[in-house]
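Take a look at the structure set out below.
The values are calculated or read from the model by the stated rules, or taken from the named source; none is laboratory data. Remember, it's a predicted structure, so these values are computed and weren't measured experimentally. Don't worry about glycine lacking a Cβ; one is built from the backbone with ideal geometry, like all the others, and counts go over all protein chains shown. Heavy atoms of the whole protein, side chains included, go into the accessibility calculation; ligands, DNA and RNA do not. Shrake-Rupley method; radii C 1.70, N 1.55, O 1.52, S 1.80 Å.
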Amino acid sequence: ITASAALGKGKITPLTSFECEGVFRLGSGSFSCWNEQGHGLEALSDALAHSCNIYFFHAGLVLGGEPLAEECHRWGLGKQTEIGIEGEAPGLVPNRRWKWQTFHQPWYDGDTLNFSIGQGYLLITPLQAARMVAVLANGGKLVKPRLIKRIGLEEVAYSEGQTVIAAPRILKEIKEGLRRVIADPTGTGQLSFSNQIGIAGKTGTAENPQGAPHAWFIGFAPIEEPRIAFSIFLENGGSGGHSAAPLARQLAEYYIGTEKMPAGGGEDRIQ
């Protein structure tokens, strides 16, 4: 989302590069990259593949916290998906007004840094994450999820969704980065590489003050003609690249294998 907003508003280009030395200094404080040695000079595709915090700290600062919050809302965060499950959590998209009303504190650049990599006050659900990555898989539209595909022979009404990314160049650049997350030997999601199906995705490791980090992996497959978008969330699971990524490969291979089964076998099971 940070990449989409920064590209869309002309704050960065795909060739814009930032130096990652493992730490970002802001005033008297410092914000770290997971790679303590740093990634060196990174362009957008590199930063997505390597999950470089420092790159997105820079991108978030040039973009600003308010535009980032607006972009999150466009991608369906901070509100229910309306899938029809009672008690569905809306999550939380923080901004300047929310912080003042909640803590009586101003919004700081440090808040923007955390926000730009999905840390800090931001809260999202696994369903919102799956819906988010589906935007990239389906050509830029935010769809309303359904629990039921059909009742008997009657198809349940389906909404085409709202356009979130209209520029093909932005879709192309972000999708290339997510492809490299897995296909690149230095990508953080290389453990989800499959010889059977091309997978694009993004690892995530969410800090948790109460214990071990939460492991995330969101993605879609096949890359060329996506048929499935998914979100894997392992509570207290550790690193997304080590814990969640292998499950993504198993999930995608199983889904596509099941999809190819004769009608009456796998086809009914995946609806």
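Here's the yes/no breakdown for (1) under 30 Å from Ile12 (Cα atoms); (2) hydroxyl-bearing (Ser, Thr, Tyr); (3) at pLDDT 95 or above:
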position: Gly177; (1), (2), (3): yes, no, yes
position: Asp184; (1), (2), (3): yes, no, yes
position: Gln196; (1), (2), (3): no, no, no
position: Asn208; (1), (2), (3): no, no, no
position: Gly219; (1), (2), (3): yes, no, yes
position: Phe230; (1), (2), (3): yes, no, yes
position: Leu234; (1), (2), (3): no, no, yes
position: Thr258; (1), (2), (3): no, yes, no
position: Glu267; (1), (2), (3): no, no, no
Being modelled with pLDDT of 95 or more and in contact with a strand residue (DSSP E or B) (Cβ under 8 Å, 6 or more places away or on another chain) narrows it down to one residue among His58, His73; which is it? His58
May I ask you to verify whether Asn138 is more than 20 Å from Ser116 (Cβ to Cβ) and free of Cβ contacts under 8 Å to residues at least 24 places away in the same chain? no
Any residue at all in the stretch 152-174 that's assigned to a strand (DSSP E or B), of a type outside the set (Asp, Glu), open to solvent by 20 Å² or more (accessible area, probe 1.4 Å) and free of Cβ contacts under 8 Å to residues at least 40 places away in the same chain? yes
Mind telling me which of the residues Pro226, Pro246 ends up being in contact with a strand residue (DSSP E or B) (Cβ under 8 Å, 6 or more places away or on another chain), surrounded by fewer than 22 Cβ atoms within 10 Å (Cβ to Cβ) and under 17 Å from Val181 (Cβ atoms)? Pro226
Only one of (1) out of contact with any Ser or Thr (no Cβ under 9 Å at 6 or more places or on another chain); (2) outside any loop (DSSP other than H, G, I, E, B) is not met by Ala130, so which one is it? (1)
Meets criteria (open to solvent by 50 Å² or more (accessible area, probe 1.4 Å) and touching a helix residue (DSSP H, G or I) at 6+ places or on another chain (Cβ under 9 Å)) for Pro14: no
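Residues checked against (1) open to solvent by less than 60 Å² (accessible area, probe 1.4 Å); (2) in contact with a Gly (Cβ under 6 Å, 6 or more places away or on another chain):
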site	(1), (2)
Arg96	no, no
Gly110	yes, no
Gly118	yes, no
Thr125	yes, yes
Give the stretch 25-42 a look and list any residue that's open to solvent by 20 Å² or more (accessible area, probe 1.4 Å), of a type in the set (A, V, I, L, M, F, W, C) and either assigned to a loop (DSSP other than H, G, I, E, B) or touching a Leu at 6+ places or on another chain (Cβ under 8 Å) (or both), or say none. Leu26, Phe31, Trp34
Filtering helices (runs of 4 or more DSSP H) wholly in the stretch 45-108 for at least 3 residues that are in contact (Cβ under 8 Å) with a residue 24 or more places away in the chain and aliphatic (A, V, I, L, M) gives 53-63
Taking the stretch 76-94, which residues are open to solvent by 70 Å² or more (accessible area, probe 1.4 Å) and at pLDDT 95 or above? Lys79, Gln80
Of everything in the stretch 182-196, what is polar (S, T, N, Q), open to solvent by 80 Å² or more (accessible area, probe 1.4 Å) and not in a helix (DSSP H, G or I)? Give them in sequence order. Thr186, Asn195, Gln196
If we ask which residues in the stretch 127-151 are touching a Leu at 6+ places or on another chain (Cβ under 8 Å), closer than 19 Å to Leu7 by Cβ and either surrounded by fewer than 20 Cβ atoms within 10 Å (Cβ to Cβ) or modelled with pLDDT under 95 (or both), their number turns out to be 2
